[in-house]
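Please read the structure below before turning to the comments.
The values are calculated or read from the model by the stated rules, or taken from the named source; none is laboratory data. This structure is a prediction, so every number in the text was calculated from the model and none was measured. Note: ideal-geometry Cβ built from the backbone for every residue, glycine included; neighbour counts use all protein chains shown.
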């Protein structure tokens with residue numbers, strides 16, 4: 001499979017709009033960081049050693065049966081737009097995309113599983129699911145991790161746990177995260193208070209595309225920062241039973257407030273967003289995400305009836321720059337991307 005094969009449909013875990021709290025929680029993800037015993041951390045490896053690590057983990061991963069087709073993409077040999085597509089689909093990080101030397105990604109299960117090789121650690125693997133579904137994510141990635149460890153000895157210390165290149169991942173090496181859509185908290189001016197409380201609870205808050213990105217489209221990634229001294233099960237349980245339900249409740253209460261106290265203002269914002277998306281001839285990526293956020297809110301609140309949530313979720317991903325260029329089969333300048341993006345939005349959102 002090639003990156004171009006991915007650009008016409010969004011990932012099942014992102015686009016389907018199903019799962020617990022799916023009106024607020026777009027997706028769940030669990031990532032594990034691992035390093036191979038007998039090798040230095042990545043910055044200290046020669047190119048030959050990086051290649052050895054790549055081949056070792058590639059062989060172990062491709063030998064697994066992970067819910068369907070499993071394939072490898074050589075990130076070092078990929079074009080810049082192909083690397084950007086993988087980033088837009090949350091299959092690799094910007095660090096891997098912009099890195100150097102032998103590196104790659106193994107993808108399986110309809111993109112619900114991805115494993116980066118030679119990013120910051122030798123191996124960073126993730127499992128994703130729609131909505132709040134962290135229990136199943138943990139069960140799957142734990143099973144995969146055990147099977148890999150049967151083939152590759154991990155760097156592990158009895159006192160400190162799994163050894164990682166960055167001390168913040170030391171111990172379990174686990175990152176639990178959810179992608180949240182929080183437009184009502186933004187509209188009611190409560191978002192800064194909620195996110196500050198999350199940070200005070202040792203949670204990291206990032207934008208749509210992870211570390212170093214802004215929360216465009218009112219989409220936020222929330223993840224744990226503590227990995228040492230707690231078990232993986234504890235982290236997962238805390239997210240499922242306490243953290244996510246509390247934030248989802250705040251967002252849903254803010255939506256009720258908007259409906260009760262500012263219905264005309266809310267409808268105006270939603271219908272203006274839909275109108276622009278259905279009629280624009282040129283539209284930037286940032287503006288599209290902002291307007292799609294309002295439309296998604298409108299669909300979830302029943303204020304828009306002829307657009308389904310899966311379509312809106314699809315468009316968040318399919319209108320990103322690399323998706324547009326691979327869909328067109330050529331490099332596009334900014335105006336050409338804005339034109340193609342507007343064309344796709346009109347075709348998917350116009351119901352007449």
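Residues considered: 129, 114. Of these, the only one that is in a strand (DSSP E or B) and free of Cβ contacts under 8 Å to residues at least 40 places away in the same chain is 114. Would you check if residue 317 is outside any helix (DSSP H, G or I) and on the phi < 0 side of the Ramachandran plot? Criteria not met by residue 317. Taking the range 136-152 only, how many residues are outside any helix (DSSP H, G or I) and under 15 Å from residue 124 (Cα atoms)? Number satisfying all stated conditions: 1. Is it true that residue 31 is in contact with a strand residue (DSSP E or B) (Cβ under 6 Å, 6 or more places away or on another chain), buried (at least 20 other Cβ atoms within 10 Å of the Cβ) and either modelled with pLDDT of 95 or more or closer than 28 Å to residue 309 by Cα (or both)? Yes, satisfied. Of the residues making up the range 330-340, just one is closer than 27 Å to residue 13 by Cβ and without any contact (Cβ under 8 Å) to a residue 40 or more places away in the chain, namely 340.
All of 175, 89, 94 fail the test of being surrounded by fewer than 20 Cβ atoms within 10 Å (Cβ to Cβ), within 26 Å of residue 289 (Cβ to Cβ) and in contact with a helix residue (DSSP H, G or I) (Cβ under 8 Å, 6 or more places away or on another chain), apart from 94.
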